[in-house]
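Readers should treat all values here as calculations from the given coordinates under stated rules, not as data from a laboratory. Just so it is clear, the model here is predicted, and its values are computed rather than measured. Cβ coordinates were reconstructed from backbone atoms using ideal geometry, including for glycine residues, and neighbour counts include every protein chain displayed.
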Amino acid sequence: MSRPISAHIDTQALRHNFQVARHHAGQTPLWAVIKANAYGHGLMRVAEALAPVADGFAMLDVAEALAVREAGMDLPILMLEGFFDAADLPVFAEYRLTPVVHNLYQVESLMQAALPARIDVYVKLNSGMNRLGFREDAFPAVLTALETCPQVGRVTLMTHFASADGEGVDEQLDAFFRIVDGCDFPLSLANSAALLRYPQTLSGWARPGIMLYGGSPFADQTAEALGLVPVMTLASEVIGVQEIEACESVGYGGTFVAPSPMRVGVVACGYADGYPRHAATGTPVLVDGVRTKTLGRVSMDMLVVDLTELPDADVGSPAVLWGQGLPADEVATAAGTISYELFCALAPRVPVFVR
Ligand SMILES: *Cc1c(COP(=O)(O)O)cnc(C)c1O
């Protein structure tokens with residue numbers, strides 16, 4: 001028998017969440033964001049599940065994009081970081097990959113390229129996030145260069161919000177419209193948070209990511225309240241049980257000390273499986289479908305849970321680390337991170353089952 005840990009990917013849940021995005025977006029077409037191995041859910045299985053419903057895929061790894069093309073999917077593909085080397089441009093043209101153009105190297109490379117076909121581009125504006133994109137002063141010259149460039153087909157203008165999950169989008173939206181003032185091009189603005197909360201960002205194409213995987217982009221609103229359902233469930237089993245006395249400690253560093261006699265279970269899941277080591281004592285876990293909590297430090301291959309109130313739980317009892325019945329967002333909060341990071345960290349050694 002193999003170690004009992006496994007991840008389960010629910011493709012029906014994925015499609016359900018996509019329809020939630022569709023509902024909020026109305027007429028706005030949707031790039032399904034499947035970067036980073038589809039947020040750790042498995043690129044090809046997610047691409048295949050969403051290809052019939054999405055309007056396009058947004059990603060950023062050329063090898064991943066080619067894998068999608070080679071599997072016969074011919075939806076538009078948006079490459080969120082563009083191309084990294086002018087030598088990649090023929091591949092973008094051949095496989096119809098739409099690069100985000102966000103630096104002058106890319107503009108110059110396009111102007112100097114000789115391509116078999118024009119390629120559509122997304123021009124990224126830095127409206128305040130100060131990550132990728134052109135500022136107001138650089139934009140007019142970039143736009144002129146791209147508009148007159150024989151290698152370039154359709155131009156779309158995009159930006160990305162830093163705080164659609166918190167402070168809001170108004171300042172960046174104002175900055176964006178000031179930069180693109182008077183330009184009549186298609187737009188692409190919204191990520192999941194903007195799509196769900198700021199309908200004024202729904203011009204052109206939206207780019208939902210985390211919501212497709214059933215994560216809430218908001219600290220103040222649960223995925224369930226947004227109508228989203230978990231796609232990934234990380235499950236394992238209890239592989240050991242200890243009865244401990246008051247004042248005995250649990251795990252490395254003895255950071256948890258029992259206040260009274262306790263029954264504790266050892267679950268076959270640790271940070272080498274992608275479970276966050278920073279998850280503190282008290283992080284929620286389901287055992288036998290009942291909510292309990294972790295105790296002490298997470299080890300490489302194991303973590304310890306409180307079974308004091310679960311007298312029937314024993315070796316072989318099922319444990320859910322996140323997913324169905326236990327939102328990843330709650331586990332993420334307890335570990336000081338976000339569900340995105342939990343999903344992306346799922347380790348290759350965890351076997352994945354699709355349903
Ligand atoms: C990752 C990403 C998205 C998706 O963001 P979510 O918060 O997961 O919805 C959208 N746009 C860009 C540019 C991104 O990098």
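Below, the figures for the structure above:
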{"read-out": "Inter-residue pairs, beta-carbon under 6 Å, first over 15 Å from ALA319 (Cβ atoms) and in the stretch 260-271, second part of a loop (DSSP other than H, G, I, E, B) and small (Gly, Ala, Ser), 6+ apart", "value": "SER260/ALA246; PRO261/ALA246"}
{"read-out": "When residues of the stretch 58-82 are limited to those that are of a type outside the set (Gly, Ala, Ser) and within 12 Å of the ligand (Cβ to nearest atom), the one nearest to the chain's Cα centre (by Cα)", "value": "MET59"}
{"read-out": "Residue within the stretch 326-341 that is hydrophobic (A, V, I, L, M, F, W, C), farther than 25 Å from MET44 by Cβ and part of a strand (DSSP E or B) present", "value": "yes"}
{"read-out": "Residue list for the stretch 19-33, filter: assigned to a helix (DSSP H, G or I), over 15 Å from the mean Cα position of the chain (by Cα) and in contact (Cβ under 8 Å) with a residue 12 or more places away in the chain", "value": "GLN19, VAL20, ARG22, HIS24, ALA25"}
{"read-out": "Hey, ALA47 among the aliphatic types (A, V, I, L, M) and within 15 Å of the chain's Cα centre (by Cα) or not", "value": "yes"}
{"read-out": "Members of the stretch 34-57 that are part of a helix (DSSP H, G or I) and either away from the ligand (no atom under 12 Å from the Cβ) or touching a strand residue (DSSP E or B) at 6+ places or on another chain (Cβ under 7 Å) (or both)", "value": "LYS35, ASN37, LEU43, MET44, ARG45, VAL46, ALA47, GLU48, ALA49, LEU50"}
{"read-out": "Filtered residue count, the stretch 261-278, keeping only those that are buried (at least 21 other Cβ atoms within 10 Å of the Cβ), hydrophobic (A, V, I, L, M, F, W, C) and in contact with a Lys or Arg (Cβ under 9 Å, 6 or more places away or on another chain)", "value": "0"}
{"read-out": "Matching option when the condition is surrounded by fewer than 19 Cβ atoms within 10 Å (Cβ to Cβ) and either within 20 Å of CYS183 (Cβ to Cβ) or in contact with a Leu (Cβ under 7 Å, 6 or more places away or on another chain) (or both), among GLU64, GLU81, GLU108", "value": "GLU81"}
